[in-house]
Amino acid sequence: MRRWVSTTWAVAMMVTAHPALSSVLAQVLPSKMSVTVKAGEPVSRDVTITNQGDAPVVVHVHLSDWTLSESGDLELVPAGSTPVSLQGLISFEPSEFSLGPGESGVVRVRLMLPTDGPATRWSVLLSEVRPTAWPREYRGPRAVGELGTTIYLSRIRAERTRAEFAAMNVTPAADTSFSVAVHVRNPGERHFYSSGEIAVVDTAGHVVDSGKLGTGVVLPKSQRIFTWTCDSRLAPGRYLVKATLDTGEPELIVGETEVRWPLTGSAPPLAGLPSH
């Protein structure tokens, strides 16, 4: 069974099924973890689930895999169905337990990465939270919260990651706006997170519009596309579109491209260079 979800796992979730039924309110920490290991050496980590509601709940923990598109659409797939799955390399206990109001439970996660195969693997540990009991007279939809802890397990140290500013394309979005698509490539064997900002600068050097590209993971040997839309009403003329990326490396990565507004086509892509 496949499910499409947001790329950002919730650290707290509340689902209200009926006015007469207490909400399911819970929190999981951490929402993601990156664990660097030596091949063949087991490591342990803790995941904490807290019942923040006013009624007892039962928690069921299970593993799932996921895939990610270039645009950031994440799809849950069964554990063991991807070549980078943690299935068989992870164990956790307890897998089911109850929590009273305000109580927390700890799931001990054990991980080990072999010497062969992908240098980085990933899955998500899902904690399904539901009320311990339903009112006898209740007949409506039932409240269930599902919280995720994304786990990355790698033999590659974080400082060995390298990001590439692959391209930046500017295309019309409407009569009075345009969209910027920034392509970030990961040629390495370990994931990294990229965040960024966009600025539109006129010929006098004034910033006429700016915004954020958002934050997202770029998986090994893959590419992500981060987009932003300029909604300001620009006067006809030439502008510089500048993207600044923070990928966790010592230097920021900067890419620029020049556009003439109104657009007659897409602006030519321009690779970025590290800033100084």
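Any read-out appearing in this document is the output of simple, stated calculations on the displayed coordinates, not a laboratory observation. Note that this is a predicted model, so its numbers are computed, not measured. Cβ sites come from the backbone with ideal geometry, for glycine too, and all protein chains shown count toward neighbours.
Descriptive notes on the structure:
- Each part gets one Cα centre, and for the range 42-118 versus the range 181-250 those centres are 32 Å apart.
- Around Ser177: net Lys/Arg minus Asp/Glu count, Cβ-Cβ under 12 Å: -2
- Residues Thr257, Thr227, Thr203, sorted so that the one with the fewest Cβ neighbours within 10 Å comes first: Thr203, Thr227, Thr257
- For Phe178, nonlocal amide neighbours, meaning residues 5 or more places apart or on other chains whose placed amide H falls under 5 Å from its own, are Ala173, Cys230.
- Note that the range 209-219 has calculated 3J(HN,Hα) couplings of 6, 7, x, 9, 8, x, 10, x, 7, 10, 6 Hz, one per residue in order, obtained from phi through the Karplus relation 6.51 cos²θ - 1.76 cosθ + 1.60 (θ = phi - 60°); glycine and proline are x.
- In this rough spin-label picture, where each label sits 7 Å from Cα along the Cβ direction, the Arg157-Val144 distance is 4.4 nm.
- Karplus (6.51, -1.76, 1.60) ³J(HN,Hα), θ = phi - 60°, over the range 198-205, in Hz, Gly and Pro reported as x: 10, 9, 10, 10, 7, 5, 8, x
- Within the shell defined by Cβ-Cβ distances under 14 Å, the residues around Trp228 carry a net charge of 0, with Lys and Arg each +1 and Asp and Glu each -1.
- Estimated distance in nm for a label pair at Ser179 and Thr229, the labels positioned 7 Å out from Cα along Cα-to-Cβ: 0.8 nm
- The H on the amide N of Ala79, modeled in the peptide plane, is under 5 Å from the matching H of Asp65, each at least 5 residues off or on a different chain.
- Integer Hz, Karplus 6.51/-1.76/1.60 couplings in order for the range 251-260, x for Gly and Pro: 10, 6, 10, 10, x, 9, 8, 9, 10, 10
- Residue order for Asp175, Asp246, fewest other beta carbons within 10 angstrom first, comes to Asp175, Asp246.
- Ranked Phe97, Phe178, criterion: other C-beta atoms within 10 Å, fewest first: Phe97, Phe178
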